[in-house]
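Colleague: Dropping a structure here in structure tokens format, bear with me for questions.
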Amino acid sequence: MTNRAPLKLVQLPTESELEILNAIWASGPATVREVHDALSSRGTGYTTVLKQMQMMVDKGLLTRSERFRSHVYQVSVPREETQQQLAGSLLERAFGGSARSLVLGALSAQRVSPQELAEIRKVLDEVERRSK
């Protein structure tokens with residue numbers, strides 16, 4: 001059990017919603033047109049992206065404001081918090097709550113750079129220090 005503050009509970013994003021979130025995290029606040037252009041390789045139509053983004057506002061994943069007569073969307077939850085929620089959900093659903101299995105699965109799924117391994121070691125050391 002950790003002493004971490006509870007995360008704000010919003011619905012987890014679907015795969016296509018996560019693509020939209022990634023586009024906005026990369027660019028900052030954006031219009032539907034800008035998000036659509038960023039996702040152009042997906043082949044999704046403009047109205048589909050618009051509808052998805054409107055639904056994401058309803059789910060609490062995005063907020064919408066009006067700027068220069070255009071609706072500008074921004075994320076409601078920081079990337080790190082969304083990633084923690086997704087990881088926690090995956091941990092429970094796919095790994096039966098075993099952090100060990102999750103980490104081993106992630107590390108064996110693809111090549112990890114020496115820099116990433118060093119960062120992972122730092123995090124593990126910090127977690128170990130906090131648990132003492």
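The values are calculated or read from the model by the stated rules, or taken from the named source; none is laboratory data. Just so it is clear, the structure is predicted and the values come from calculations on it, not from any experiment. As a convention, Cβ positions derive from the backbone with ideal geometry for all residues, glycine included, and neighbour counts pool all protein chains shown. Note: areas computed on protein heavy atoms with side chains; ligands, DNA, RNA excluded. Shrake-Rupley method; radii C 1.70, N 1.55, O 1.52, S 1.80 Å.
Colleague: Using a 1.4 angstrom probe, figure out how much accessible area the range 2-104 has per residue, in square angstrom, rounded to the nearest whole.
Modeller: Computed with neighbouring chains in place, this is 64 Å² per residue.
Colleague: Okay, moving on. Can you send over the carbon and sulfur percentage of the accessible area for the chain, probe radius 1.4 Å, protein chains only?
Modeller: 53 percent
Colleague: Another question, if that's okay. For labels at E116 and M55 in the simple 7 Å Cα→Cβ model, what's the distance in nm?
Modeller: Placing both labels 7 Å along Cα→Cβ, they lie 3.0 nm apart.
Colleague: On to the next question. The range 20-78 to the range 104-126: how many Å between their Cα centroids?
Modeller: 32 Å
Colleague: Can you compute the radius of gyration and Dmax for the chain, using only the Cα atoms, both in Å?
Modeller: Spelled out, the Cα radius of gyration and Dmax of the chain are 17.8, 55 Å.
Colleague: I'd like the FRET efficiency for Q74 and R33, computed as 1/(1 + (r/R0)^6) with the beta carbon distance as r and R0 of 22 Å, rounded to 0.05.
Modeller: Once rounded, the FRET efficiency stands at 0.90.
Colleague: Right, another one. For the range 57-106, what percent of Cα pairs sit more than 18 Å apart?
Modeller: So the portion of pairs separated by more than 18 Å is 50 percent.
Colleague: With runs of 4+ DSSP H residues as the only contributors, calculate the mean residue ellipticity of the chain at 222 nm using -39,500 (n - 2.57) per run, divided by the residue total and rounded to the nearest 500.
Modeller: Taking each H run of at least 4 residues, the total per residue is -19500 deg cm²/dmol.
Colleague: Between L18 and K132, what is the FRET efficiency for a Förster distance of 35 Å, r being their Cβ-Cβ separation, to the nearest 0.05?
Modeller: Computed FRET efficiency for L18 and K132 comes out at 0.45.
Colleague: Ignoring ligands, DNA and RNA, how do L61, L50 rank by accessible area with a 1.4 Å probe, largest first?
Modeller: Listed by decreasing accessible area, they come as L50, L61.
Colleague: Applying 1/(1 + (r/R0)^6) with R0 = 22 Å to the Cβ-Cβ distance of L90 and T48, what FRET efficiency is obtained, to the nearest 0.05?
Modeller: 0.25
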